[in-house]
Amino acid sequence: MQTHDTIVALASGQGLAAIALIRLSGHDAIAITNKVFKGKDLLEQASHTLHFGTIRDGVKIIDEVLVAVFKAPHSFTTENAIEISCHGSPVIVKEIIKVLLKNGARLAEPGEFTKRAFLNGKMDLAQAEAVGDLIHAETDTARQVALQQMRGGFSKDLAVLREELIHFASLVELELDFGEEDVEFAKRDDLRNLVIKIQHYITPLIASFDQGNVIKNGIPTVIAGKPNSGKSTLLNALLNEERAIVSDIPGTTRDFIEDEIVLGGIAFRFVDTAGLRETTDIVESIGIERTLERMNKASLILYLYDLANTSIEEIEAQEALLTGLSGAIIIRVGNKVDKAKAELLNYVNAKEFVLISAAQQQSLGPLKDKILEKVNRQEVKQGDAIVTSLRHYQQLTQTHEALERVLEGLMTEISGDLIAMDIRQALHYLGELTGAITTDDLLDNIFSKFCIGK
Ligand code: GDP
């Protein structure tokens, strides 16, 4: 599978920037760069050194650059590698990449640097996937969990446990070779203990996926309620606050995520907000069906009542609709508390509504507290092993099922060949998780989701 191509790509973000970083990896990375670099002879330089010079296309100077040299095997990919820091104009980046291509490099595919790091044994598959997660981390918690996984996390432990299981698998298989003879190389008690040990390790990992999924993907949230209840006003109030927080930090660019707020380290993604943004008055009322459809997309629903223009009967009618919903967490919000009818206030107070004024940005704090209380967030501690990938979750679940069958088989003393089959399955799923077993499809599927240059 090993290729000797040298790949090149822009590793930093697209667009104007002070500095851009172009990365090469492959057997000839240093030699190719050396052909277009005027400065020291890069082939003569030690690993992990930095050199000033110019990149040229013939006599044309493209830019003044800094070149970092990494010699195999001491690089991210374990191959010879180069990082060129140039001025961050897209034109410069394009010209430099062009001249590198002309001299023997080829453009990298998405995720190809990380894929090479995996194929060359620098990291296991779960670690390689964590590189992608780390880059895409939208919250500090997501960053922390991805970093933990990239540094080894649970996949290292699983690889060790898998090795132990392989040992037993080979003993059981050996018994099978003896056919009718009644031999037992794999001590059943030891095998059972190992299987139980693995189950103890992976059961909490499987359970952590609920939380992991939330950390990685956020909580899909919908603001629902009748027209004019103040949905878009509330959405804007929450998002504006978020923007203010983000841009308050000196030196940060304002590149917050659209339609998302972060509370307690968790991203709440407002889904289906397009309709709310229509500035023209929506004359026809949104039908119940449409409302339900929107709410179905969410794990959390902020349901707004217009306390200035609603009657108790109307609230009760809407409540009847809401109680029919299952699954999502629903927070009832009484909006327009500044103009609320007095008799309504008594009624909703008794009902544990959160009372706010979206227009006056009043009581947004208590609303956020309520949201956090309802989603029951658990604090992530440094070192917690948390599964954030659906792929890992599925493979752990399948491993668990196969191991349950092994335990059952041991209890009922079924024949060795059936036990061997279930052990093989468990090994297969564990192997796919860590990357000990891979297929091209699996790798393509994982790495094609990466950006080029990662
Ligand atoms: P939507 O149709 O549910 O998205 O409702 P809008 O956000 O467009 O709000 C409808 C009207 O209610 C607008 O005129 C808002 O200014 C007004 N409104 C929203 N929130 C409040 C509030 O807290 N108090 C008052 N008095 N008016 C509000």
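The values are calculated or read from the model by the stated rules, or taken from the named source; none is laboratory data. From a predicted model like this one, the values you see are computed outputs, not experimental measurements. Heads up, the Cβs are rebuilt from the backbone with ideal geometry, glycines too, and the neighbour counts pull from every protein chain shown. Protein only, heavy atoms only, side chains kept; ligands, DNA and RNA dropped before computing areas. Shrake-Rupley method; radii C 1.70, N 1.55, O 1.52, S 1.80 Å.
Details
- Residue in segment 315-328 that is farthest from the ligand (Cβ to nearest atom), counting only those that are open to solvent by 50 Å² or more (accessible area, probe 1.4 Å) and either among the acidic types (Asp, Glu) or more than 27 Å from Ile219 (Cβ to Cβ) (or both): Glu316
- Residue count, segment 178-216 (criterion: open to solvent by 20 Å² or more (accessible area, probe 1.4 Å) and not aromatic (Phe, Trp, Tyr)): 24
- Residue, most open to solvent (accessible area, probe 1.4 Å), within segment 1-48, restricted to residues that are farther than 16 Å from Gly111 by Cα and of a type in the set (Ser, Thr, Tyr): Ser47
- Residue match in segment 181-188 (condition: closer than 30 Å to Ala402 by Cβ, assigned to a helix (DSSP H, G or I) and at pLDDT below 90): yes
- Residue pairs meeting the criteria (Cβ under 9 Å; at least 6 apart or on separate chains; first at positive phi, in segment 215-241; second among the hydroxyl-bearing types (Ser, Thr, Tyr) and in a helix (DSSP H, G or I)): Gly225/Thr291
- Screening Leu307 with (1) within 16 Å of the ligand (Cβ to nearest atom); (2) among the aliphatic types (A, V, I, L, M); (3) within 23 Å of Phe268 (Cβ to Cβ) gives one miss only, at (3).
- Applying the condition of being farther than 17 Å from Phe268 by Cβ and surrounded by 19 or more Cβ atoms within 10 Å (Cβ to Cβ) to segment 353-362 and asking which residue is farthest from the ligand (Cβ to nearest atom) yields Phe353.
- Counted as qualifying within segment 353-454 are the helices (runs of 4 or more DSSP H) with 1 or more residues that are modelled with pLDDT of 90 or more, namely 364-375, 390-411, 416-434.
- A single entry from Glu260, Glu241, Glu284 fulfils the requirement of being surrounded by 13 or more Cβ atoms within 10 Å (Cβ to Cβ), at pLDDT below 85 and of a type in the set (Asp, Glu): Glu241.
- Failed condition for Asn445, given (1) in contact (Cβ under 8 Å) with a residue 40 or more places away in the chain; (2) within 17 Å of the chain's Cα centre (by Cα): (1)
- Single match in Leu205, Leu171, Leu194, Leu176 (criterion: modelled with pLDDT under 85 and part of a helix (DSSP H, G or I)): Leu176
- All of (1) open to solvent by less than 80 Å² (accessible area, probe 1.4 Å); (2) more than 26 Å from Ala130 (Cβ to Cβ); (3) under 27 Å from the mean Cα position of the chain (by Cα) hold for Lys374 with one exception: (1).
- No other residue among Ile312, Ile331, Ile301 is open to solvent by 20 Å² or more (accessible area, probe 1.4 Å), more than 10 Å from the ligand (Cβ to nearest atom), among the hydrophobic types (A, V, I, L, M, F, W, C) and under 17 Å from Ser229 (Cβ atoms) apart from Ile312.
- Residue satisfying all of: in segment 382-399; of a type in the set (Val, Ile, Thr) and more than 15 Å from Leu134 (Cα to Cα); least open to solvent (accessible area, probe 1.4 Å) among these: Thr399
- Close pairs from segment 295-318: first in contact (Cβ under 8 Å) with a residue 24 or more places away in the chain, partner open to solvent by 70 Å² or more (accessible area, probe 1.4 Å), Cβ under 6 Å, at least 6 apart: Ala308/Lys339
- Set Ile414, Ile419: member being farther than 30 Å from Asp133 by Cα, of a type in the set (Val, Ile, Thr) and in contact (Cβ under 8 Å) with a residue 40 or more places away in the chain: Ile419
- Pairs meeting the criteria (first residue in segment 72-86 and at positive phi and open to solvent by 10 Å² or more (accessible area, probe 1.4 Å), second residue in a loop (DSSP other than H, G, I, E, B) and polar (S, T, N, Q), beta carbons under 6 Å, at least 6 apart or on different chains) are Thr78/Asn120.
- Subset of segment 335-352 that is open to solvent by less than 80 Å² (accessible area, probe 1.4 Å), at negative phi and in a loop (DSSP other than H, G, I, E, B) - its residue that is farthest from the ligand (Cβ to nearest atom): Lys341
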